[in-house]
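Have a look at the structure below before the remarks.
The values are calculated or read from the model by the stated rules, or taken from the named source; none is laboratory data. Not measured: the values here are computed from a predicted model. Here Cβ is always computed from backbone atoms with ideal geometry, including for glycine, and neighbour counts include all displayed protein chains.
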Amino acid sequence: MRSFLFSNQEYNTYMKNYYDILGIQKSANDEEIKKAFRKLAHKYHPDKKGGDEKKFKEASEAYAVLSDKKRRAEYDTYGRAFAGRASGAGYDFSGFDDFASGFSGGGFEGVEFDFGDVFSEVFGGRRKQEKRGRDISVDVEISFKESIFGTERKMLITKMSECSVCTGSGAEKGSEMETCPACNGNGQVRETRRSFLGTFTSVRECASCHGRGEAPKKKCGECGGIGVSKQEEEIRVSIPAGIQNGEMIRQPLRGEAIAGGVSGDLYVKIHVQPDSAFTREGSNLTTQMPVKLTDALLGASYTLQTLDGTITLKVPSGVSHGEILRVRGKGVPISGDGRGDLLVKIQINIPKRLSRKAKKLIEEMRGEGL
């Protein structure tokens with residue numbers, strides 16, 4: 001839960017004209033008010049990428065007042081005078097821990113606001129935010145060959161995990177659970193504060209039971225009744241065939257555990273070591289093969305080392321420097337569709353020195369127009 005502390009400047013902004021905040025005329029009807037708020041909620045909600053918590057909060061309050069006929073009438077009559085009384089230093093609006101919930105639970109004394117219909121339309125229904133532990137990110141280095149055919153890695157990670165003694169209950173073995181006396185089994189504690197604006201209610205998680213609503217009669221000696229503790233855990237990661245450098249593997253619920261919630265996720269970032277002979281181009285592998293000049297002219301068979309082992313590759317007569325020979329099915333595995341190809345680029349070795357006999361033969365070839 002968050003608390004908001006407004007400075008005088010922020011407060012003056014907060015109290016500015018509600019019609020201006022929603023971008024509507026003072027004569028706007030209920031449907032126009034609702035439509036304007038829905039548009040701003042889509043744009044500024046803090047859970048959305050690029051959201052703006054401050055602007056979302058302003059729009060929420062404006063809608064809360066203008067959507068209620070009685071409040072709107074009071075605001076139209078006394079709004080500016082009321083804002084004029086608010087000059088001064090900073091104000092503590094701790095009750096805005098959850099702004100929308102604060103209003104729907106009676107944000108101003110004697111007045112209730114229902115955001116349910118609008119938020120249901122905007123965000124697809126009301127949702128309770130589940131507590132999650134922290135996500136963990138680790139780096140794993142693999143060879144080029146392992147990236148093509150896949151592999152497995154074992155890692156020893158120290159993290160907050162479910163207590164191995166009480167299996168997360170927080171109770172000593174054999175001890176029973178009971179309704180939490182601090183929150184009467186609700187898992188939450190309500191706090192009500194009064195200010196010159198009225199009465200604000202905030203809800204926070206119960207610190208005694210961590211939101212579970214029940215507590216052990218006798219706490220686990222290993223974790224102190226929390227249900228989680230720092231432990232070393234061996235993690236096995238299956239790295240699929242064809243993975244590329246920089247890709248992430250997500251393992252749900254293998255991150256850090258948290259009391260009264262679910263564990264975070266484990267993200268494994270893959271670093272592929274470069275290979276001296278092979279490179280990757282999509283689903284294909286490429287390599288170079290040096291060929292003698294005479295073999296390029298007359299043709300020959302060469303032994304070629306691939307990631308699968310050695311093969312015999314026939315070099316056709318008259319092959320050109322830089323020409324590519326394709327070996328099918330020796331490339332990168334394609335999910336459910338075989339494998340790519342191995343592309344072999346021919347590199348013809350031109351001798352730097354020739355014997356007299358070789359020079360004579362080449363001169364004869366040149367004389368024949370070759």
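Can you confirm whether PRO274 is outside any strand (DSSP E or B) and surrounded by fewer than 19 Cβ atoms within 10 Å (Cβ to Cβ)?
Details: outside any strand (DSSP E or B): yes; surrounded by fewer than 19 Cβ atoms within 10 Å (Cβ to Cβ): yes.
It is true that PRO274 is outside any strand (DSSP E or B) and surrounded by fewer than 19 Cβ atoms within 10 Å (Cβ to Cβ).
Per-residue answers, yes or no, for (1) assigned to a loop (DSSP other than H, G, I, E, B); (2) among the aromatic types (Phe, Trp, Tyr):
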position: ALA182; (1), (2): yes, no
position: PHE200; (1), (2): no, yes
position: SER208; (1), (2): yes, no
position: GLY211; (1), (2): yes, no
position: ILE235; (1), (2): no, no
position: GLY242; (1), (2): yes, no
position: GLN288; (1), (2): no, no
position: VAL291; (1), (2): no, no
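For segment 194-211, the count of residues that are in contact with a helix residue (DSSP H, G or I) (Cβ under 8 Å, 6 or more places away or on another chain), aliphatic (A, V, I, L, M) and closer than 30 Å to ILE334 by Cα is zero.
Any residue that is under 30 Å from GLY224 (Cα atoms), surrounded by fewer than 16 Cβ atoms within 10 Å (Cβ to Cβ) and within 41 Å of the chain's Cα centre (by Cα) - is there at least one of those in segment 255-269?
Step one: list which residues in segment 255-269 are under 30 Å from GLY224 (Cα atoms), which gives 255-267.
Next, from what is left, pick out any that are surrounded by fewer than 16 Cβ atoms within 10 Å (Cβ to Cβ): 262.
Those left that are additionally within 41 Å of the chain's Cα centre (by Cα): 262.
Checked segment 255-269: at least one residue is under 30 Å from GLY224 (Cα atoms), surrounded by fewer than 16 Cβ atoms within 10 Å (Cβ to Cβ) and within 41 Å of the chain's Cα centre (by Cα).
Going residue by residue through segment 8-28, is there one that turns out to be modelled with pLDDT under 50, exposed (fewer than 11 other Cβ atoms within 10 Å of the Cβ) and not charged (D, E, K, R)? Checking segment 8-28: at least one residue is modelled with pLDDT under 50, exposed (fewer than 11 other Cβ atoms within 10 Å of the Cβ) and not charged (D, E, K, R).
Within segment 196-218, if we keep just the residues that are at pLDDT 85 or above and touching a Ser or Thr at 6+ places or on another chain (Cβ under 8 Å), the residue that is farthest from GLU74 (Cα to Cα) turns out to be LYS218.
Only residues that are in a loop (DSSP other than H, G, I, E, B) and either in contact with a Cys (Cβ under 6 Å, 6 or more places away or on another chain) or in contact (Cβ under 8 Å) with a residue 24 or more places away in the chain (or both) were counted in segment 304-320, giving 3. Restricting attention to segment 163-177, does a residue exist that is of a type in the set (Asp, Glu), assigned to a strand (DSSP E or B) and either modelled with pLDDT under 90 or under 30 Å from GLY246 (Cα atoms) (or both)? The answer is no, given that none of the residues of segment 163-177 is of a type in the set (Asp, Glu), assigned to a strand (DSSP E or B) and either modelled with pLDDT under 90 or under 30 Å from GLY246 (Cα atoms) (or both). Comparison of GLU191, GLU141 shows that the only residue that is exposed (fewer than 15 other Cβ atoms within 10 Å of the Cβ), within 26 Å of the chain's Cα centre (by Cα) and either closer than 30 Å to ILE270 by Cβ or among the acidic types (Asp, Glu) (or both) is GLU141.
Here GLN231, GLN244, GLN251 are screened, and the one residue that is among the polar types (S, T, N, Q), touching a Leu at 6+ places or on another chain (Cβ under 6 Å) and not assigned by TED's automatic domain parsing to the domain that holds GLY331 is GLN251. Could you list, in sequence order, the residues of segment 144-188 that are over 30 Å from PRO216 (Cα atoms) and surrounded by 13 or more Cβ atoms within 10 Å (Cβ to Cβ)? PHE144, LYS145, GLU146, SER147, ILE148, PHE149, GLY150, THR151, ARG153, MET155, listed by residue number. If you check SER301, SER335 for being assigned to a loop (DSSP other than H, G, I, E, B), polar (S, T, N, Q) and surrounded by fewer than 11 Cβ atoms within 10 Å (Cβ to Cβ), only one passes: SER335. ARG193 falls short of the stated requirement of being among the charged types (D, E, K, R), assigned to a loop (DSSP other than H, G, I, E, B) and either on the phi > 0 side of the Ramachandran plot or at pLDDT below 90 (or both). Of all residues in segment 329-370, those satisfying the criterion of being basic (Lys, Arg) and over 30 Å from ILE243 (Cβ atoms) are LYS352, ARG353, ARG356, LYS357, LYS359, LYS360, ARG366.
Table: residues versus (1) modelled with pLDDT under 50; (2) under 32 Å from the mean Cα position of the chain (by Cα); (3) among the aliphatic types (A, V, I, L, M); (4) surrounded by 13 or more Cβ atoms within 10 Å (Cβ to Cβ).
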{"site": "ARG2", "(1), (2), (3), (4)": "yes, yes, no, no"}
{"site": "PHE6", "(1), (2), (3), (4)": "yes, yes, no, yes"}
{"site": "ASP47", "(1), (2), (3), (4)": "no, yes, no, no"}
{"site": "GLU58", "(1), (2), (3), (4)": "no, yes, no, yes"}
{"site": "TYR78", "(1), (2), (3), (4)": "no, no, no, no"}
{"site": "ALA83", "(1), (2), (3), (4)": "yes, no, yes, yes"}
{"site": "PHE96", "(1), (2), (3), (4)": "yes, yes, no, yes"}
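Scan segment 209-248 for residues that are surrounded by fewer than 17 Cβ atoms within 10 Å (Cβ to Cβ), among the hydroxyl-bearing types (Ser, Thr, Tyr) and under 26 Å from SER169 (Cβ atoms) and the total you get is 0.
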